[in-house]
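In what follows, a structure is listed as structure tokens, so that the remarks can point back to it.
The values are calculated or read from the model by the stated rules, or taken from the named source; none is laboratory data. Quick caveat, the model's predicted, so the values are computed rather than measured. Here the Cβ is made from the backbone with ideal geometry for all residues, glycine too, and neighbour counts use every protein chain on show.
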Amino acid sequence: MKSSFFLIFVAAIFFSSMTLAQEWKSSHSLQAEEEAPVALLPFPRVVKWGNGVLKVPPPSLWKLSVDAACLRIMQSDDGKMITTAYRNFLQALCHRLSSPKDRPIAISLAMESIPGFPDGAEPEGYSLVIGEQGVRIRAPQPGGLFNALQTLRQLVLPDGSELPYCEITDWPAFSVRGFHHDCGRNFQSIESLKRQIDLASQLKVNYFHWHLADDPAWRVECKAYPQLNESQYRTRDVNDTYTYEQIRELVHYARERHITIIPELDMPGHSEYFNRAFGFSMHSERGIKILEELIDEFCAEIPVELCPIFHFGADEVSVPEAAQFVERISRRIQANGRIPMQWEGPWDLPVGKLSIAQRWVQSQNSQKSETIRSRTIDSSIGYSNLFDPALLVRRWFFMRPCGAASGDTLRLGAIFCTWPDIRVDDKSRIPLHNPMWPGLCAMAERSWNGAAVEGDKLTISLPDPTSEASRAFALFEKRLMMMRRSTFAGEHFPYWPESGQMWDIIGPVPETTAASVRTRVLAGNYQGLQVRHIHGASLYFRTRAATWDLGLFPTAKPGVRVWAVAHLSVPQDGNYPFMLGFDTPARSNRQYTGVPFPGEWSQCATRIWVNGHALPNARHYELAGRNRISYATWHTEDNERPICDEEIWWTLPATMIPLRQGPNTLIIEQPYTDSFQSWQISAIRL
């Protein structure tokens, strides 16, 4: 993870969501999405639904036909990807079939041009038609055939026995739609990464950025300098190394699923393991010569046609003669036939002239597109280990990669990053503690479809319910929930719909007047108080500096508090489940106000009233009153202590809140006590 997040720009964001919501437009027909009988994600550009369904037989009765051009492709390496995709589709279908059918079904694949495609759409665009005669797929290139099969997989109706009649024409807005995982700090097994690649490919994600080295360890087998793989120089997962055979295996596996792997070997930063192994730094003359050998060895083992891009990091480090270091490493990468790639941020080495730049620090969105001068990939919208599920999904859904409506030769697309910086013992919980899959779904949607208007202001207060933006987001949330039950069944998928909730926000007010304001709020007397009407079940007043001080009150100082008032109606008396959260702990540097004391909702004196009655927290915490951490824990023992579920509100069971039949009033008081607090409220009714 970019460990200097505590230095990131303070973004003073002011909101005018009503105006922007009226301007924000969906890139596809919302009527077609409302009529969709299944969850398609990303949603296709153009869809026309028919009036019938095609009965689906067992996979053994599917009859595949291909044209001559397609046949030639299928005999090539590219064809292996299509064949694998077809086989995977049939295997997935086999598991979902409810009963056998006797009538064969025809599926035809054809390589041909499709009228109406915009410039640049041919490599991955496709046409898919389902009708009485079967399934017909057309695409100018193999990538389009593969994407069509992913859509076909999603089109199988929930009972597994039917496909809806439809006509789909589809293409991506951006050529790069990737995901990233840091395996340098926390080793992930090859089998786990294969599962992630399987799921990502179904979202038409086409790049996997594999971070293979960081301060704890160099994870790649090293033949020239085997001491780099010795456990004594490692601080985590000390016996875990990827052999070249395993790397090639994963690269081939990803390629069959139309995903290109971008390996990253960070140089010269994030390299404490190197200093321990050699006794000198990477940027020394001796260190650079070793790096050149390491680059040569990796490139000799992993063919250029499988990994055409080599990421060398160059982030969060300051070295003498930085430009010369970048030039020398870039030349070595290019000498091996690869395209160099590096991080671009204010604390990174300068990006080389021929490198792809990967932006990771947010600046004002209005400047993002104009400041792009070279090939750029955007990773600045949100890391999964920084935000909670709601804000992460909102940002990727409403904001635009590279600040642009669609890609071009410079604005390539986006990579969604997961950086589990803190030591993780149970790697299977990484997608739970870092809401990886909901965030990746939102990234896949926006990078495939693009957006004509920047929607960053809609990420804090959801748009007015009467707007097209609100309708689009509610429909997207519906698709997320359907995907959780289908594609992501059995996976950690921490997300719950936010649309439809409205709050009255009173404040912020200083502590000196809090008692009198509280009395008035509880009495429903808002006269003379500043009241804002905010949409969305999660409220963000000011996130911590590590997440860019986003919120309704981005310049507020500790020592104030707000009240959030919601009016809820239920059909009968009872206890109703809510997901409640009042701080989002950083899974990068552990900053967090801590596990609540017994009976409390937080260590910030959060208070809740339901219909005028105070509601105590009845949950029992094993770590009650502990783990309050005010400082960034990088390079300390606190970062070596794994985060537990009690520290992350969305990993805990729902809280039952007693409500009475008819209207109810829920009031939450939330103080802002410390700058390391993520000042927020989440009260999501399930």
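Residues of region 290-328 that are modelled with pLDDT of 95 or more, among the aliphatic types (A, V, I, L, M) and more than 22 Å from GLN227 (Cα to Cα): VAL304, ILE309, ALA314, VAL317, VAL319, ALA322, ALA323, VAL326. Scanning region 210-243 for residues that are closer than 30 Å to GLN150 by Cα and over 26 Å from the mean Cα position of the chain (by Cα) yields nothing. A search for C-beta distances below 6 Å between a residue of region 299-316 that is in contact (Cβ under 8 Å) with a residue 12 or more places away in the chain and within 27 Å of ASP348 (Cα to Cα) and any residue that is among the aromatic types (Phe, Trp, Tyr) and crowded, with 23+ Cβ neighbours inside 10 Å, counting only pairs 6+ apart in sequence or on different chains, returns ASP315/TRP343.
Counting just the residues of region 523-546 that are in a helix (DSSP H, G or I) and either of a type in the set (D, E, K, R) or under 39 Å from the mean Cα position of the chain (by Cα) (or both), which one comes out nearest to LYS557 (Cα to Cα)?
Within region 523-546, the subset in a helix (DSSP H, G or I) is 523, 545-546.
Those left that are additionally either of a type in the set (D, E, K, R) or under 39 Å from the mean Cα position of the chain (by Cα) (or both): 545-546.
Numbers: ALA545: 12, ALA546: 16 Å.
The qualifying residue nearest to LYS557 (Cα to Cα) is ALA545.
Only residues that are in a helix (DSSP H, G or I) and either more than 23 Å from ILE339 (Cβ to Cβ) or touching a strand residue (DSSP E or B) at 6+ places or on another chain (Cβ under 7 Å) (or both) were counted in region 251-288, giving 12. Exactly one residue out of GLY382, GLY345 is in the same structural domain as GLU272 (by TED's automatic domain parsing), modelled with pLDDT under 95 and in contact with a Phe, Trp or Tyr (Cβ under 8 Å, 6 or more places away or on another chain), and it is GLY345. Can you find even one residue in region 162-172 that is more than 27 Å from THR418 (Cα to Cα), among the polar types (S, T, N, Q) and at pLDDT below 95? Checked region 162-172: no residue is more than 27 Å from THR418 (Cα to Cα), among the polar types (S, T, N, Q) and at pLDDT below 95. The residue that is surrounded by the fewest Cβ atoms within 10 Å (Cβ to Cβ), among those in region 481-507 that are part of a helix (DSSP H, G or I) and of a type in the set (D, E, K, R), is ARG485.
If we only count strands (runs of 3 or more DSSP E) wholly inside region 573-686, which ones have 2 or more residues that are under 28 Å from HIS535 (Cβ atoms) and in contact with a helix residue (DSSP H, G or I) (Cβ under 9 Å, 6 or more places away or on another chain)?
On the way: elements: 574-581, 607-610, 655-659, 662-672, 679-685.
Filter on region 573-686 gives 574-581, 607-610, 662-672, 679-685.
Here is the figure for region 566-583: residues that are within 20 Å of GLU511 (Cβ to Cβ) and of a type outside the set (D, E, K, R) total 1.
Checking the stated criteria, ILE168 turns out not to satisfy the condition of being in contact (Cβ under 8 Å) with a residue 60 or more places away in the chain, among the hydrophobic types (A, V, I, L, M, F, W, C) and over 22 Å from VAL38 (Cα atoms). Beta carbons closer than 8 Å, at least 6 apart along the sequence or on distinct chains, pair a first residue in region 117-142 that is closer than 17 Å to TRP448 by Cα with a second that is among the hydroxyl-bearing types (Ser, Thr, Tyr) and assigned to a loop (DSSP other than H, G, I, E, B) for GLY120/SER175; GLU122/SER113; PRO123/SER175; GLU124/SER175.
So which of ALA444, ALA451, ALA474 ends up being in contact (Cβ under 8 Å) with a residue 40 or more places away in the chain and farther than 21 Å from HIS180 by Cβ?
Among ALA444, ALA451, ALA474, only ALA451 is in contact (Cβ under 8 Å) with a residue 40 or more places away in the chain and farther than 21 Å from HIS180 by Cβ.
Which of the residues that make up region 432-444 are crowded, with 24+ Cβ neighbours inside 10 Å and either closer than 25 Å to LYS478 by Cβ or assigned by TED's automatic domain parsing to the domain that holds MET341 (or both)?
Pass one, region 432-444, residues crowded, with 24+ Cβ neighbours inside 10 Å: 433-444.
Answer for region 432-444, where residues must be crowded, with 24+ Cβ neighbours inside 10 Å and either closer than 25 Å to LYS478 by Cβ or assigned by TED's automatic domain parsing to the domain that holds MET341 (or both): ASN434, PRO435, MET436, TRP437, PRO438, GLY439, LEU440, CYS441, ALA442, MET443, ALA444.
Note on region 236-250: residues that are buried (at least 16 other Cβ atoms within 10 Å of the Cβ), part of a loop (DSSP other than H, G, I, E, B) and touching a helix residue (DSSP H, G or I) at 6+ places or on another chain (Cβ under 6 Å) amount to 1. For ALA452, state whether it is small (Gly, Ala, Ser), more than 26 Å from SER369 (Cα to Cα) and surrounded by fewer than 20 Cβ atoms within 10 Å (Cβ to Cβ). In short, no. Residues in region 435-460 that are assigned to a loop (DSSP other than H, G, I, E, B) and in contact with a Leu (Cβ under 7 Å, 6 or more places away or on another chain): PRO435, GLY455, ILE460.
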